[in-house]
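See below for the structure under consideration.
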Amino acid sequence: MRLSRYFMPTLREAPSDAQVVSHQLMLRAGMIRQEAAGIYAWLPLGLRVLKKIEQIVREEMDRAGAIEVLMPTLQLADLWRESGRYEDYGDEMLRITDRHKRDLLYGPTAEEVITEIFRAYVKSYKDLPKNFYNIQWKFRDERRPRFGVMRGREFLMKDAYSFDVDEAAARRSYNRMFIAYLNTYARLGLNVVPMKADPGPIGGDLSHEFIILADTGESQVFCHKDLIEMGAPGDVDWDGDLQPLVEQRTNLYAATEEMHDEAAFAAVPEDKRLSARGIEVGHIFYFGEKYSKPMKAEVAGPDGQNRPIHGGSYGVGVSRLTGAIIEASHDEAGIIWPDAVAPFGVAVINLRPGDAAVDEVAETAYQALIAAGKDPLLDDSDQRPGAKFAAIDLVGIPWQLVVGPKGVADGTVEIKRRATGEKQTLPLEQALKVITA
RNA sequence: CGGAGUGUGGCUCAGUCUGGUAGAGCACCGCGUUCGGGACGCGGGGGUCGCAGGUUCGAAUCCUGCCACUCCGACCA
């Protein structure tokens, strides 16, 4: 992409509405535009990041055996009356009436819809387990939206729903999602800690929140340090027994403020105790027959008798992750994108557009990076060097390849790694090798 | 939903107390000098001062009502 033909409206100053750093940086980098409280338009740069996160989430869901569907944003109130949640949900649900005076709602989640789909087709235990997911916009009319896209009213969520014949099978589905989540966050370049969450009315131990650690996180969290260094399991035998992998992580102490147990935390060796700020970026739970019973999602068992399925649901805040990654990865100059989600892989900065020799080197570098699949952004704009450096630092592109008259005169370019600030002056071919390595 | 605050060009803000021809910086347009970490000079364009009433000879400024947005608290991917 050539910057001169792109749309990347950066701001020198943060709009005063934005208080948290990720919100300020997203606005300054021209990623989003606020349209109303908690509702954002995604500008080209922000959309690129959002799509990359979405794709990683998708790939990890697929790998864990979940099946993608796309459910509508608008749902029928009648379905929610079946589950009993239409009245329960309260003012957070955005209710709409169509021209036929039919009650609709903008879905805050999709248990009802997926259960309706499931029960229409699946009748036998032989067809289980099944896990359907969708990546779709949700709307929750929060009393107080804030923190930019981290707490919006409209947000992009990946929600998965598992269907199993009994609780033991449901636990296996839960474990698959547990591992898939760890893998997903690891690919996004995040340190994530699974923490015991409030299981709600169902009870049991099958509810976890996934928290990333960031100094500016909204809640206080407590955990055993080993959890952070443990890393993600990666590809596993998804049909095998995942319980040991899950237990390895759930046996160590980890809790958010609400679930915190001071006595249990005190039992953790002192040098392993970590108290930090965190941001919730995922939540998984098992809810048993909560929806299958009232909505009659039943399958026949081996004995020929119908029984309600055991369900679980698994959410990742995709749009929230955009902000959360920034909270976890930025400096005074701006955003530092992990390579996996960066809007562009490399910025080729032409310091002197119009200078034939400089243009030629910049163009050569640009074409080579396209060929190498590095998705480069060529800054061919007519701005002063300082402004270019500042803007590219701000938007957080992982590599910078700087082509200027001085370097061109002695056959070199400069490359800079955004995360470390480390710079090297090299001949172009070597510079390209470093970047594409 | 309780409490607090803010609405003035795209962005940051001054002006409001004490009514009297709407300002600055950044951004934008033109010309020139510049050009390796957000340049400088000269010239220029752009604002129903959130909206609606009211008071007044005269309202960004005073009064009333409404709306929007932000922050703190209780709840959430």
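The values are calculated or read from the model by the stated rules, or taken from the named source; none is laboratory data. All of these numbers come straight from a predicted model, not from anything done at the bench. All Cβ positions, glycine included, derive from the backbone under ideal geometry; neighbour counts span all protein chains shown. Calculation scope for accessible area: heavy atoms of the full protein, side chains included, ligands and nucleic acids excluded. Shrake-Rupley method; radii C 1.70, N 1.55, O 1.52, S 1.80 Å.
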TODO: Keeping all protein chains in position, work out how much accessible area A:I117 exposes to a 1.4 Å probe, and write it in Å² to the nearest 10.
DONE: 60
- [ ] With no solvent and one equal point scatterer per Cα, compute the Debye intensity ratio I(q)/I(0) for region A:344-436 at 0.18, 0.19, 0.26 Å⁻¹ and report its log10, rounded to two decimals.
- [x] -0.70, -0.79, -1.57
Open item on the list: If I stretch the segment between A:A437 and A:D215 completely, what's the gain in nm (0.36 nm per residue apart, minus their alpha carbon distance), one decimal?
Closed with: 76.7 nm
Task: Rounded to whole Hz, the Karplus (6.51, -1.76, 1.60) HN-Hα couplings of region A:90-107, x for glycine and proline - done: x, 6, 6, 8, 8, 9, 9, 10, 8, 5, 8, 6, 8, 7, 10, 8, 8, x
Task: Entries of A:K51/A:K196; A:K123/A:K290; A:K52/A:K225 with Cα pairs more than 22 Å apart - done: A:K51/A:K196; A:K52/A:K225
TODO: With a point put 7 Å past each Cα toward its Cβ, work out how far A:Y6 is from A:S381 in nm, to one decimal.
DONE: 1.0
Task: FRET efficiency, 1/(1 + (r/R0)^6) with R0 41 Å, evaluated for A:L74 and A:E422 via beta carbons - done: 0.25
- [ ] Using only protein heavy atoms and a 1.4 Å probe, report how much of A:R81 is accessible, in Å² to the nearest 10.
- [x] 100
TODO: Take A:S329, A:S162 and sort them by solvent-accessible surface of the protein heavy atoms, 1.4 Å probe, largest at the top.
DONE: A:S329, A:S162
- [ ] Determine the order of A:R176, A:R63 by accessible area, beginning with the largest, at a probe radius of 1.4 Å.
- [x] A:R63, A:R176
TODO: Would you please give the residues with an amide H less than 5 Å from that of A:E68, counting only those at least 5 places away or on a separate chain, with H modeled from the backbone geometry?
DONE: A:Y133
Task: Interchain or long-range residues, amide H under 5 Å from A:G396's placed H - done: A:I335
- [ ] Work out how much length A:K296 to A:E13 would gain on full extension: take 0.36 nm times their residue separation and subtract the Cα-Cα distance, in nm to one decimal.
- [x] 96.4 nm
TODO: Using the charge dipole of region A:277-358 (Lys, Arg: +1 at Cβ; Asp, Glu: -1 at Cβ; taken about the Cα centre), state which of A:S319, A:S292, A:V348 has its Cα farthest towards the positive end.
DONE: A:S292
Open item on the list: Test of understanding: express the Cα radius of gyration of region A:1-157 as a ratio to 2.2 N^0.38 Å, with N the residue count.
Closed with: 1.26
Task: Calculated on alpha-carbon atoms, Rg and Dmax of region A:346-400 in Å - done: 10.9, 29
Task: chain A: translational diffusion in µm²/s, Stokes-Einstein, Kirkwood Rh over Cα pairs, 4 °C, 1.567 mPa s - done: 55
Task: Residue among A:G396, A:L426, A:P338 farthest towards the positive dipole end of region A:304-437, charges placed on Cβ - done: A:P338
Task: Accessible-area order (highest first, 1.4 angstrom probe) of the listed residues A:E247, A:E422 - done: A:E422, A:E247
Task: For q = 0.22, 0.25, 0.33 Å⁻¹, Debye-computed log10 I/I(0) when each Cα of region A:393-437 counts as one equal scatterer - done: -0.71, -0.86, -1.17
TODO: Over chain A, with every protein chain in place, what whole percent of the accessible area is carbon and sulfur at 1.4 Å, could you tell me?
DONE: 48
Task: Accessible solvent surface per residue of chain A, calculated while the other protein chains remain in place, 1.4 angstrom probe, Å² - done: 45
Open item on the list: Starting from the 7 Å offset along Cα-to-Cβ, what nm value, one decimal, do you get for the label separation of A:Q305 and A:S124?
Closed with: 2.0
Open item on the list: Can you show me the helix-derived [θ] at 222 nm for chain A, built from DSSP H runs with n ≥ 4 at -39,500 (n - 2.57) apiece and divided by the number of residues, rounded to the nearest 500.
Closed with: -9500 deg cm²/dmol
- [ ] For A:E332 paired with A:D98, estimate the spin-label separation in nm (one decimal), with each label point 7 Å from Cα along the Cα-to-Cβ line.
- [x] 5.7
Open item on the list: Translational diffusion coefficient of region A:126-219 at 4 °C, 1.567 mPa s, Stokes-Einstein with Kirkwood Rh over Cα pairs, in µm²/s as a whole number.
Closed with: 83
Task: Extended-chain gain in nm, criterion 0.36 nm per residue less alpha-carbon gap, A:D198 and A:A263 - done: 21.6 nm
Task: aspartates and glutamates whose Cα lies under 14 Å from that of A:K423, excluding same-chain neighbours fewer than 8 positions away - done: A:D393, A:E414
TODO: For region A:241-315, evaluate the Debye formula with one uniform point scatterer on each Cα (no solvent term) and list log10 I(q)/I(0) at q = 0.21 Å⁻¹, rounded to two decimals.
DONE: -1.05
Open item on the list: Quick query: amide H of A:Y253 versus all other amide H atoms, modeled in the peptide plane; which residues come in under 5 Å with a sequence gap of 5 or more or a different chain?
Closed with: A:H224
Open item on the list: Show me, for region A:39-56, the HN-Hα J-couplings you get by feeding each phi into the Karplus relation (A = 6.51, B = -1.76, C = 1.60, θ = phi - 60°), rounded to Hz, glycine and proline as x.
Closed with: 10, 10, 8, 9, 7, x, 5, x, 5, 4, 5, 4, 5, 5, 4, 4, 5, 5
Task: Size of electric dipole in chain A: Cβ of Lys, Arg +1 and of Asp, Glu -1, about Cα centre, debye, nearest 20 - done: 920
TODO: Pop out the ³J(HN,Hα) list for region A:12-22 in order, Karplus 6.51 cos²θ - 1.76 cosθ + 1.60 with θ = phi - 60°, rounded to Hz; leave Gly and Pro as x.
DONE: 6, 10, 7, x, 5, 5, 8, 10, 8, 5, 5
Open item on the list: From zero outward in steps of 10 Å, how is the percent of C-alpha pairs of region A:260-367 spread across the bins?
Closed with: 10, 17, 19, 19, 16, 10, 7, 2, 0
